[in-house]
Amino acid sequence: MHTSLTNLIEIKKEIQLKINSQTSIRTSPKVIAVSKTHSMPDILPLINYGHLDYGENKVQEAIDKWTETKSKNKNIKLHLIGPLQTNKVKFSVKIFDYIHSVDREKLAIKIADEQAKQQKQIKIFIQINIANEKQKSGIKKEQAYDFCNFCKQLNLDVIGTMCIPPKEGNSHEYFLEMNNINKELNLTALSMGMSEDYLDATENNATFLRIGSKIFGHRN
């Protein structure tokens with residue numbers, strides 16, 4: 001069995017054990033296999049196994065890598081988890097099923113316009129800068145309610161929120177806060193948790209975990 005597939009199966013077992021041990025967990029999260037910088041030979045064992053959710057950071061890389069594979073595998077769902085520039089929206093709407101990084105009005109308007117042109121609806125996450133870090137994308141948490149309403153008025157299919165907590169912080173606290181924000185916004189999907197903290201995210205009702213290096217290994 002290919003290493004990446006062995007890793008994925010092991011991760012799913014760990015997640016299930018965590019769910020079984022905590023009565024407060026309401027949902028079994030989907031694993032997004034973050035395949036950025038990895039080539040199709042690394043990814044194919046997961047596709048052949050039946051895994052459906054994959055994450056990419058860059059629009060052009062996703063187009064080059066996934067166009068053919070997605071046309072043959074209609075059930076595959078592709079998630080844009082990196083920042084999105086407005087000049088790439090047209091291509092993003094075409095290739096992706098989910099965008100996890102919507103964080104400003106100009107971008108939301110552009111997505112809405114492009115969806116109308118392409119007659120395609122993308123599932124949207126609002127990215128929240130949960131720790132107010134200057135170098136990170138995302139709206140401030142106190143703006144979440146107004147921005148969520150703004151997106152919905154554009155007829156965007158806002159299903160949840162997303163965050164990337166500080167590397168050297170208490171992820172658990174940030175995930176707990178995100179869970180509460182999601183409830184306040186009456187949203188059902190929550191995108192949080194990566195290779196180092198996905199079990200903490202699971203504990204706080206993440207519905208999508210974005211796991212890369214723990215599945216595919218590190219890539220320079």
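Some notes on this structure:
- Karplus-derived 3J(HN,Hα), 6.51/-1.76/1.60, for each residue of region 160-167, Hz, glycine and proline x: x, 10, 9, 8, 10, x, x, 5
- Measuring between alpha carbons in the structure, the pairs from Lys110/Lys134; Lys30/Lys141; Lys120/Lys214; Lys72/Lys120; Lys72/Lys94 lying more than 26 angstrom apart are Lys120/Lys214.
- Residues considered: Asp200, Asp157, Asp146. Largest GNM mean-square fluctuation over the chain, using C-alpha springs under 10 Å, is found at Asp146.
- Going from the fewest other Cβ atoms within 10 Å to the most, the residues Met40, Met192 appear in the order Met40, Met192.
- Here the chain is assigned +1 on the Cβ of each Lys and Arg and -1 on the Cβ of each Asp and Glu. Its dipole about the Cα centre then comes out at about 680 debye.
- Partners of Lys123 within straight-line reach, counting aspartates and glutamates whose Cα lies under 17 Å from its Cα and excluding those fewer than 8 residues away in the same chain: Asp53, Glu56, Asp97, Asp103, Glu105, Asp113, Glu114, Asp157.
- Options Met40, Ala62, Val102, ranked by Cα towards positive dipole end of region 13-129, top entry (Cβ charges): Val102
- Residues whose amide H comes within less than 5 Å of that of Asp53, counting only those at least five positions distant or on another chain, are Ala33, Lys77 (H built at 1.01 Å from N in the peptide plane).
- Nearest-0.05 FRET efficiency for Glu14 and Lys117, computed from C-beta distance (R0 45 Å): 0.60
- Choice from Thr161, Thr188, Thr23 showing the highest fluctuation, given a GNM over the chain with Cα pairs closer than 10 Å: Thr23
- Hz values of 3J(HN,Hα) by residue in region 70-84 - Karplus curve (6.51, -1.76, 1.60), Gly and Pro given as x: 5, 5, 8, 10, 5, 7, 5, 10, 10, 10, 8, 10, x, x, 10
- Close amide-amide hydrogen proximity is noted between Met192 and Thr207, Phe208, Arg210, each under 5 Å apart and 5 or more residues distant or on a separate chain (H modeled in the peptide plane; Pro and chain starts excluded).
- Note on the chain: helix-only mean residue ellipticity at 222 nm, from DSSP H runs of 4+ residues weighted -39500 (n - 2.57) and normalised by residue number, equals -13500 deg cm²/dmol.
- Near Lys136, once Lys and Arg are set to +1 and Asp and Glu to -1 for all other residues with Cβ below 12 Å from its Cβ, the sum equals +1.
- Note on the chain: GNM, Cα springs under 10 Å; of His38, His79, His100, the largest mean-square fluctuation is that of His38.
- Scalar couplings 3J(HN,Hα) for region 195-210, obtained by applying the Karplus form with A = 6.51, B = -1.76, C = 1.60 to θ = phi - 60°, are 4, 8, 9, 5, 6, 4, 5, 4, 4, 9, 6, 4, 9, 10, 10, 9 Hz; x denotes Gly and Pro.
- Cβ-based exposure ranking for Ser191, Ser71, Ser35, in which fewest neighbours within 10 Å come first: Ser71, Ser35, Ser191
- In a fully extended conformation the segment linking Leu176 and Glu196 would gain 5.6 nm over its present Cα-Cα distance, using 0.36 nm per residue.
Only the coordinates and a few stated rules stand behind these numbers; no lab work does. Since this is a predicted model, take the numbers as computed values, not measurements. Positions of Cβ are backbone-derived with ideal geometry, glycine not excepted, and every protein chain shown enters the neighbour counts.
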